[in-house]
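Working notes for the structure below.
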Number of protein chains: 2
Amino acid sequence: MDDIDRKIISFLSADARRSLADIGGNVNLSPSSVNERIRRLTAQGTIRRFTVELDPAAMGLETLVYVWIALHEDADESAFRRYAAAQAAILECHHVTGRWSYLVKIRVGSPPEIEGFLADLKAQKFLGRSETVIALSSPVAGALVQKDNS
Amino acid sequence: MDDIDRKIISFLSADARRSLADIGGNVNLSPSSVNERIRRLTAQGTIRRFTVELDPAAMGLETLVYVWIALHEDADESAFRRYAAAQAAILECHHVTGRWSYLVKIRVGSPPEIEGFLADLKAQKFLGRSETVIALSSPVAGALVQKDNS
DNA sequence: AATTTTGCGGTCTATATCATCCATGGCCGT
DNA sequence: ACGGCCATGGATGATATAGACCGCAAAATT
């Protein structure tokens, strides 16, 4: 990973459809060389996948919510992780330091839907205690990308 | 936005380099039609950009941290937002309900670097109180995508 | 009510661009 | 001087993209 690789990654991040010739012009490399570098970066996993960033509103996911979770004392922890991975609404789930055991990031269409999400968590017997934090606005929103199902 | 559009978005999410013919075969549409739909989705902003998902380790960003922030009482709130947008380490910044005013998501190379991040926040006079939460592991990690600078 | 009009979304074809492969050749470090 | 690594350039087959045309359905007109 040298400076040129980083530049290429930066160009692809901004627009993954730019032509090899175009990128090559910006880093003083032939299209073939750029292609070879992208192939390497992809093969070694530095680039995980080519994808698209989506508009949350257009996807019907305008409401961003963080939920702190303390698991129910006799909850199956690995079952919880599988559940989290399978739920489309759960964008992130982290095991964290501090008072709570998990921090979960979810996106739903509107605030009322949060209730259903929590109800499901409780129905699955995962929930001990929880605390819900709603994002009112996002100075830095973070990119919305569909979960990787591979 | 009909079902076909959603399918196309799903295919592109998994691999944005799949050919129009390939996608068309899966949704029973000609390559031209698929192209036209993608053009529409992009033009109306449903698809924000074509980009790449990166490996945090390869990028030297293995440590994921959430920081709860209560702004210093005479901090300039819009200056803080500009600061957050400019900082490369800050992936997300949300104005939230609850005890804290902001939730900030950052990525750094290693835990010691968190200190420098907080020190900078304090030096800028933004920081009132804060609480730092480190992700130990991530059952659902969320995609790492470079910030959009357009 | 029947007919025309309009507009959207599709297919097909042609063309220019593009990614990809391979053989060649330079450069650097040992 | 030699070997490995990386870039180059040209050939080729695939691909995106534009444009002309078609069909259908809803709206408007008579």
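Here are the numbers for this structure:
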| quantity | calculated |
| --- | --- |
| Accessible area that becomes buried as B packs against A, both chains, 1.4 Å probe, Å², nearest 100 | 5100 Å² |
| Cut-off under 5 Å, modelled amide H: who pairs with B:SER138 long-range | A:HIS95 |
| FRET E, pair A:ILE134, B:ALA70, Förster distance 25 Å, beta-carbon r, rounded to 0.05 | 0.90 |
| Inter-site label distance for B:MET1 and A:THR42 at 7 Å from Cα along Cβ, in nm | 2.8 nm |
| Accessible surface of chain A [probe 1.4 Å, protein heavy atoms]: carbon and sulfur percent | 48 percent |
| Given charges at beta-carbon only (K, R positive; D, E negative), |dipole| of the stretch B:63-134 in Debye | 120 debye |
| Cα centroid separation, the stretch A:90-150 to the stretch A:34-89 (Å) | 12 Å |
| Simple label model, 7 Å out from Cα along Cβ direction - B:LYS125 to A:GLU62, nm | 3.7 nm |
| Angle in degrees between helix B:3-14 and the longest Cα principal axis of chain B, rounded to the nearest 10 | 60 degrees |
| Integer Hz, Karplus 6.51/-1.76/1.60 couplings in order for the stretch A:24-33, x for Gly and Pro | x, x, 7, 10, 6, 9, 6, x, 4, 5 |
| Nonlocal amide H pairs with A:THR51, under 5 Å, H built at 1.01 Å | B:ALA16, B:THR51, B:VAL52, B:GLU53 |
| Nearest-20 debye value, the protein assembly as shown charge dipole, Cβ charges on Lys, Arg, Asp, Glu | 500 debye |
| Length gained when the stretch A:SER33-A:SER78 is fully extended (0.36 nm per residue, less Cα-Cα span) | 11.8 nm |
| For the protein assembly as shown, accessible area per residue (1.4 Å probe, heavy atoms of protein chains only), Å² | 49 Å² |
| Reduction of at least 50 Å² in accessible surface, 1.4 Å probe, comparing all protein chains with the chain by itself, residues of the stretch A:62-94 | A:TYR66, A:TRP68, A:GLU92, A:HIS94 |
| Cβ charges +1 (Lys, Arg) and -1 (Asp, Glu), total dipole of the stretch A:3-43, debye | 100 debye |
| 1.4 Å probe, heavy atoms, protein only - residues of the stretch A:109-150 losing at least 50 Å² accessible area vs chain alone | A:VAL133, A:LEU136, A:PRO139, A:VAL140, A:GLN146 |
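The values are calculated or read from the model by the stated rules, or taken from the named source; none is laboratory data. Computed from a predicted model, the values in this text were never measured in an experiment. With ideal geometry, Cβ positions are generated from the backbone for all residues, glycine too; neighbour counts draw on all protein chains shown. Each accessible area value is taken on the protein alone, full model and side chains, heavy atoms only, with ligands, DNA and RNA left out. Shrake-Rupley method; radii C 1.70, N 1.55, O 1.52, S 1.80 Å.
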